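Shown next, in structure tokens, is the structure this report addresses.
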Amino acid sequence: MDFALTDEQRILQQSLAAFARAELAPHYTRWDRNREFPAKIWPRLGQMGVFGLRVPEELGGNGLSYLEAGLAIEQVAKGDFNVCYGILNACFAGDIIGRFASPDIRDAWLAPLAAGQKILSVCLTEPHCGSDAAAIRTRAVRDGDHFVVNGEKSAITLLMAADAAILFARTAPEKKAAGVSAFLLPLDSPGLSKSRYEDMGGRGIVRGSLFLDDVRIPAANMIGPENAGFTQVMQTFDYTRALIGLMCLGAAEQTLEETVDYVKGRQAFGQPISKNQGVSFPLAEAKAKLEMLRWLCYRTLWLRDQGLPHTAEAAMCKAEGPALCADVIRDCLVLHGHYGYTQDFPVEQRYRDVLGQMIADGTPQIMKMIIARHMLGREFA
């Protein structure tokens with residue numbers, strides 16, 4: 001069992017860590033305060049390769065392993081947690097389009113996606129169903145060479161900045177989960193309207209709802225076989241949940257490092273407050289818990305790379321990772337005293353931002369159901 005990273009993987013970590021410190025961290029709070037999508041930095045991120053992690057090399061990407069995608073998102077999250085949503089979307093799209101879409105769609109979208117010139121969203125969630133993705137009501141009805149789509153999609157990351165979306169719609173209502181298809185939907189199509197959210201955190205990722213009123217999508221824009229969309233998205237969630245764990249880890253780790261520096265410099269009763277066990281013990285506990293989370297996420301992605309089962313492990317990353325990291329950041333906020341509650345430090349923003357990932361890609365309760373089914377079997381869970 002070899003836990004060592006290769007020289008190339010360490011270089012990937014180091015280069016992205018340096019980029020995150022220099023190019024992302026100085027703007028992290030400003031983009032939040034202004035509720036601003038970081039459009040100017042997007043092509044620069046493309047040049048750094050973070051949107052092409054899971055895009056095949058022959059289609060303009062890097063074609064890196066799943067583990068290497070995790071190493072990358074962890075480092076970027078230390079500079080700007082919210083930029084990582086773009087990486088998540090690009091990994092999701094790179095995998096699904098690269099594996100299942102027609103050559104025309106792959107050629108038209110993957111290279112610009114990898115370069116940061118085009119942005120893709122994922123339209124799965126609906127107002128009445130989040131984790132129950134098989135219950136979607138958006139309908140796509142065949143009409144000659146097109147599908148006519150009606151419905152509403154909600155909680156869409158980067159919607160207000162995206163050029164296109166991977167849309168999941170019901171094409172065979174009688175088949176339930178087996179009747180969902182995926183489409184590439186340009187977001188300038190007639191019949192679309194959008195509504196932006198005002199969120200507690202993640203303000204730079206411009207989430208919103210999408211309304212579809214007799215939207216016509218060419219049948220050629222279907223991604224993969226008809227009625228195979230649910231299977232595609234569930235398979236992709238099995239590794240994006242590990243990426244989310246590492247994304248949250250990066251934010252928590254950066255906060256922990258900043259807090260260590262703060263408590264060493266803060267004086268009380270004639271000595272650094274770090275000398276108090278009430279300060280140093282929570283930091284030590286946080287370090288240990290984050291290290292355990294890191295290796296769970298790495299192992300999950302390694303299993304994916306080896307083609308081995310990892311659904312339960314991915315659910316563990318998602319069930320425990322965001323909550324653990326939010327707790328670490330909250331404890332660091334407290335150790336900053338009343339300053340931590342102000343906007344003078346980025347601690348309060350990271351806390352708000354990380355909390356959002358407790359919901360995305362399935363709530364903790366859903367993740368525990370998945371784990372329990374793998375432990376007990378479906379008939380007993």
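The values are calculated or read from the model by the stated rules, or taken from the named source; none is laboratory data. What you are looking at is a predicted structure, and each value in this text was computed from that prediction instead of being measured. In this analysis, Cβ positions are derived from the backbone assuming ideal geometry, glycine residues included, and neighbour counts consider all displayed protein chains.
Return a yes/no flag: does the stretch 245-258 have any residue that is surrounded by fewer than 20 Cβ atoms within 10 Å (Cβ to Cβ), at pLDDT 95 or above and out of contact with any Leu (no Cβ under 8 Å at 6 or more places or on another chain). Yes, because at least one residue in the stretch 245-258 is surrounded by fewer than 20 Cβ atoms within 10 Å (Cβ to Cβ), at pLDDT 95 or above and out of contact with any Leu (no Cβ under 8 Å at 6 or more places or on another chain).
Residues in the stretch 66-101 that are of a type in the set (D, E, K, R) and in a helix (DSSP H, G or I) were compared, and the one that is farthest from Gly229 (Cα to Cα) is Lys78. When restricted to residues that are buried (at least 17 other Cβ atoms within 10 Å of the Cβ) and more than 25 Å from the chain's Cα centre (by Cα), the stretch 320-335 contains 1. Evaluate the following for Gly63: is it modelled with pLDDT of 95 or more, at positive phi and not in a helix (DSSP H, G or I)? No.
Looking across the stretch 102-118, the residues that are in contact with a Phe, Trp or Tyr (Cβ under 9 Å, 6 or more places away or on another chain) and either buried (at least 24 other Cβ atoms within 10 Å of the Cβ) or in a helix (DSSP H, G or I) (or both) come down to Leu113, Ala114. Counting the residues of the stretch 264-282 that are of a type in the set (Val, Ile, Thr) and loosely packed, with under 13 Cβ neighbours inside 10 Å gives 0. Per the conditions (1) buried (at least 18 other Cβ atoms within 10 Å of the Cβ); (2) among the polar types (S, T, N, Q); (3) modelled with pLDDT of 95 or more, the sole criterion not satisfied by Gln232 is (3). Cβ separations smaller than 6 Å between residues 6+ apart or across chains give the following pairs from the stretch 314-328 residues that are under 12 Å from Phe237 (Cα atoms) to residues that are surrounded by 22 or more Cβ atoms within 10 Å (Cβ to Cβ) and of a type in the set (Ser, Thr, Tyr): Ala314/Thr300; Cys317/Thr300. Between Glu68, Glu23, the distinction of being acidic (Asp, Glu), surrounded by fewer than 23 Cβ atoms within 10 Å (Cβ to Cβ) and farther than 19 Å from Glu258 by Cα belongs to Glu68 only.
A count restricted to the stretch 113-136 and to residues that are without any contact (Cβ under 8 Å) to a residue 40 or more places away in the chain and either in contact with a strand residue (DSSP E or B) (Cβ under 7 Å, 6 or more places away or on another chain) or within 23 Å of Gly61 (Cβ to Cβ) (or both) stands at 3. Using beta carbons and a limit of 6 Å, which pairs, at least six apart or on different chains, have the first residue in the stretch 269-294 and assigned by TED's automatic domain parsing to the domain that holds Gly250 and the second one surrounded by 11 or more Cβ atoms within 10 Å (Cβ to Cβ) and outside any helix (DSSP H, G or I)? Note: pairs meeting the criteria are Ile273/Arg266. Number of residues in the stretch 26-60 that are part of a loop (DSSP other than H, G, I, E, B), of a type in the set (A, V, I, L, M, F, W, C) and surrounded by fewer than 19 Cβ atoms within 10 Å (Cβ to Cβ) equals 1. Selection within the stretch 336-381: residues that are among the aliphatic types (A, V, I, L, M) and surrounded by 18 or more Cβ atoms within 10 Å (Cβ to Cβ). The member of this set that is nearest to Ala155 (Cα to Cα) is Ala360.
Which of the residues belonging to the stretch 223-279 are of a type in the set (Gly, Ala, Ser) and in a strand (DSSP E or B)? Hit for the stretch 223-279 is Ala268, nothing else. Criterion applied to Val83, Val55, Val50 was being under 30 Å from Ala18 (Cα atoms), outside the structural domain of Lys153 (by TED's automatic domain parsing), in contact with a Gly (Cβ under 7 Å, 6 or more places away or on another chain) and among the β-branched types (Val, Ile, Thr), and the one residue passing it is Val55.
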